[in-house]
1. Say we look at segment 62-75 and pick out the residues that are surrounded by fewer than 21 Cβ atoms within 10 Å (Cβ to Cβ) and either in a strand (DSSP E or B) or touching a helix residue (DSSP H, G or I) at 6+ places or on another chain (Cβ under 8 Å) (or both); which of these is modelled with the lowest pLDDT?
2. I'd like to check which helices (runs of 4 or more DSSP H) are fully inside segment 217-317 and have at least 1 residues that are at pLDDT 60 or above.
3. How many residues does segment 247-272 hold that are surrounded by fewer than 18 Cβ atoms within 10 Å (Cβ to Cβ), more than 16 Å from the chain's Cα centre (by Cα) and in contact (Cβ under 8 Å) with a residue 24 or more places away in the chain?
4. Would you confirm whether any residue within segment 43-57 is surrounded by fewer than 16 Cβ atoms within 10 Å (Cβ to Cβ) and either at pLDDT below 85 or under 30 Å from residue 274 (Cα atoms) (or both)?
5. Which ones in segment 226-245 are in contact (Cβ under 8 Å) with a residue 24 or more places away in the chain and loosely packed, with under 14 Cβ neighbours inside 10 Å?
6. Out of curiosity, is residue 210 within 23 Å of residue 153 (Cβ to Cβ), assigned to a helix (DSSP H, G or I) and over 13 Å from the mean Cα position of the chain (by Cα)?
7. Any residue at all in segment 195-217 that's buried (at least 20 other Cβ atoms within 10 Å of the Cβ), in contact with a strand residue (DSSP E or B) (Cβ under 9 Å, 6 or more places away or on another chain) and in contact (Cβ under 8 Å) with a residue 24 or more places away in the chain?
8. If only one of 166, 172 is without any contact (Cβ under 8 Å) to a residue 12 or more places away in the chain and either closer than 23 Å to residue 257 by Cβ or in contact with a helix residue (DSSP H, G or I) (Cβ under 8 Å, 6 or more places away or on another chain) (or both), which one is it?
């Protein structure tokens, strides 16, 4: 099965390289009298199927991932190497796409001209967008193959995770979220397992919504020169694309707010491996003691529930 997956990846890479060569040849032929901005748009549109296909191929290679491991020094594998690399790759995509995308709108609103040509902003934005598209396709494919839902609340447990997430927020923000969602902040919730309630109840679902929104609207906007897109659809796609960019900027800042004080999380996403004691300290105080009641002692978990040692190893996705 591994050999077959490698063959799929190699075929995907070969097709992507062949497509890139054909697109580059067309762009450099001078056959079309396009300016740099429009030419970059067409190049990006033509590259989208190859970028998504390559992402799916790499996601197939990742497959079900490797089982959790523990080292003699007390560290456990929180994320696989593929997850770590994918996280930083999509981060690079955001770093390239978000500032350039925001400037395309802010420059016009503020009536300010940058010292460099606008088409260069678009070019960098398209490069960042292609990296994000590849990363999304890769992660979605690997999640689909593995069936891993560890970053989402289990079926029927959404309310518990939302309560726990609201309890982890700053008091004023948590109270407002609780009122909006009609949650009882005094409700007792069990200790979190693989990820904190904030990650499963609020953070990851918000990331999923933002990435889906910016991906779909971005593709629609890019396709407008290739296929006819009705005006209302294009208008709402542009509006929602900007809204998704703003949401992602907010989420990046919120992500740093949450993870930097919880340093083992940063270590885990950089190395993949993290101290078992460190990640336990992150998860244990994530919900106020008043909302938890008494914690079960070691070995007293409910039958069939994952033990703390197995739970903290996290997700291979």
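1. Selected residue: 65.
2. So the answer is 231-259, 263-271, 276-283.
3. Number of matching residues: 1.
4. No, the conditions are met nowhere in segment 43-57.
5. The one that is in contact (Cβ under 8 Å) with a residue 24 or more places away in the chain and loosely packed, with under 14 Cβ neighbours inside 10 Å: 226.
6. Against the criterion (within 23 Å of residue 153 (Cβ to Cβ), assigned to a helix (DSSP H, G or I) and over 13 Å from the mean Cα position of the chain (by Cα)), residue 210 does not qualify.
7. Scanning segment 195-217, I find no residue that is buried (at least 20 other Cβ atoms within 10 Å of the Cβ), in contact with a strand residue (DSSP E or B) (Cβ under 9 Å, 6 or more places away or on another chain) and in contact (Cβ under 8 Å) with a residue 24 or more places away in the chain, so the answer is no.
8. From the options 166, 172, the qualifying one is 172.
The values are calculated or read from the model by the stated rules, or taken from the named source; none is laboratory data. From a predicted model like this one, the values you see are computed outputs, not experimental measurements. Backbone-built Cβ (ideal geometry, glycine too); neighbour counts: all protein chains shown.
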